[in-house]
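Quick note: the coordinates plus some simple rules give every number you see, no bench work behind them. Predicted model only: the values in this text are computed from it and were never measured. With ideal geometry, Cβ positions are generated from the backbone for all residues, glycine too; neighbour counts draw on all protein chains shown.
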Amino acid sequence: MPKATNAVSETPTRRRVLITGAGLGLTVTACTRDADPPEDARGPGFHGLRQAGVTTPRQATALLLAYDLDPALRGAAGARALKAVLGTWTQALAGTLESDSSRAARLTATLGIGPALPARLGLRAPAALRDLPAFTGDRLDPDRCGGDLLVQLCADTADATEGIASTLTRLAGETLYPRWRQDGFLPPSPDGGTTPRSLLGFPDGPANPTPEECERWVWSGNATYLVVRRVHLRVEDFARLAVRRQEEIIGRDRSTGGPLDGGPLDGGPLDGGPSAGGPSAGGPSAGGPSAGGPSVGGPVDAAPPRSHVRAVSPRLDAGARMLRRGYSYADGPTDQGLLFLAFMRDPALFARVQRRMATQDELSGFTEARGSAVAYILPGARAGRPLGAELLG
Ligand code: HEM
């Protein structure tokens, strides 16, 4: 398993980063920490109204941990036991994440609860928390799916995430049992560019929402939802294709990440303007944000009808956005792919986009989801108020 140690230079405070490559001015938009939680010069830290690790610029490595609550624990007793663990976790996370060395490694921990937990503990379920539906083409391994508690740990060194992972598992005692874990990394950019690339060689994430779009589409108050998919990729078969063919499948230029006609990456308004054409025109996406409002993802004019960026375009979802924060994984030579991580205010968006991918996206011929999970990402911990306090009292 490669252990990436390169810090990725997604500058924390800038909202739009201008990459000038191959003569193309490519504007990369991404959520930053401007809105919340504030990151000081020393690194992310822990306390805040919202948890870090959502809008935080991607660190070099990720470790996902899923735990199950002891099956014997239910109702009020189960809620008490979980509250006790979350209390000790909060203390441990505050102590570790606020330290200078963790801040230097940009260590973040982001906790969420799975769909089965609220009913089992007699708690009021967050409105949009439910299991994802089954999708055509998935080949899910139950041992890599689900979980009552999900923890996303990210840092610029794998040592930092491993250290805090063992602490959390030790403190979970006999209340939470490890269910699955998955680590991820950002492959180094071949040209030393600032945008991470996926194992398919394309820049990954340049069409992500702006901070304003994240306020609207990613956050639900101080909470959000995380969708995890462990997507096996047929990397070698894809690499054997001519670059032009690869670009047709993704719908983007491989070296710049921009549109195939060389235009800018900034999308146009949802209704109006030539970018609103294509399969979405007049379709269910009509309406949504008013014309002239914020962009709705990358442009699709130059993208072939069965390309990935066509199938996943926010234009087909009335402008709804998700914040993709994925990593690559490599578990031996025959199993590598994308650890797809995306935050959104309602996972129903993911289900719509995934269904379109299954039916109209040529990229699906190279992908197979083998793991899957969804979680409600709790509001952040404030001084004297542990993680989960809103839910568990
Ligand atoms: C399976 C492997 C996948 C690969 C290699 C991949 C690759 C890419 C690439 C290269 C882009 C364009 C650049 C950018 O990141 O902004 C992109 C955009 C995007 N992808 Fe994927 N993707 C994958 C899976 C998925 C899945 C499972 C979903 C959701 C169901 C998804 C949703 C999106 C969305 C929403 C965009 C932005 C489109 C826009 O705003 O215009 N992708 N993807």
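Computed quantities for the displayed model
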| quantity | calculated |
| --- | --- |
| Residues whose placed amide H lies under 5 Å from that of D148, excluding near-sequence neighbours | Y67, D68, L69 |
| Contour excess over end-to-end distance, with Cα ends at L49 and R355 and 0.36 nm allotted per residue | 106.8 nm |
| For the stretch 50-142: rounded, prolate or oblate by the Cα gyration tensor [a/c cutoff 1.5] | oblate |
| Cα-based Kirkwood hydrodynamic radius, the stretch 70-213, one decimal, Å | 18.0 |
| Estimated dipole of the stretch 208-267 in Debye, rounded to 20 [Cβ of Lys and Arg +1, of Asp and Glu -1, Cα centre] | 400 |
| Charge-dipole axis of the stretch 301-352 as Lys and Arg at +1 and Asp and Glu at -1 on Cβ define it, positive-most pick from F343, A320, V309 | A320 |
| Cβ-defined net charge surrounding A104, 11 Å radius [Lys, Arg +1; Asp, Glu -1] | +1 |
| Shape category assigned to the stretch 160-241 from the gyration tensor of Cα positions, a/c cut at 1.5 | oblate |
| Calculated FRET efficiency for the pair T136/A84, C-beta based, R₀ 41 Å, to 0.05 | 0.45 |
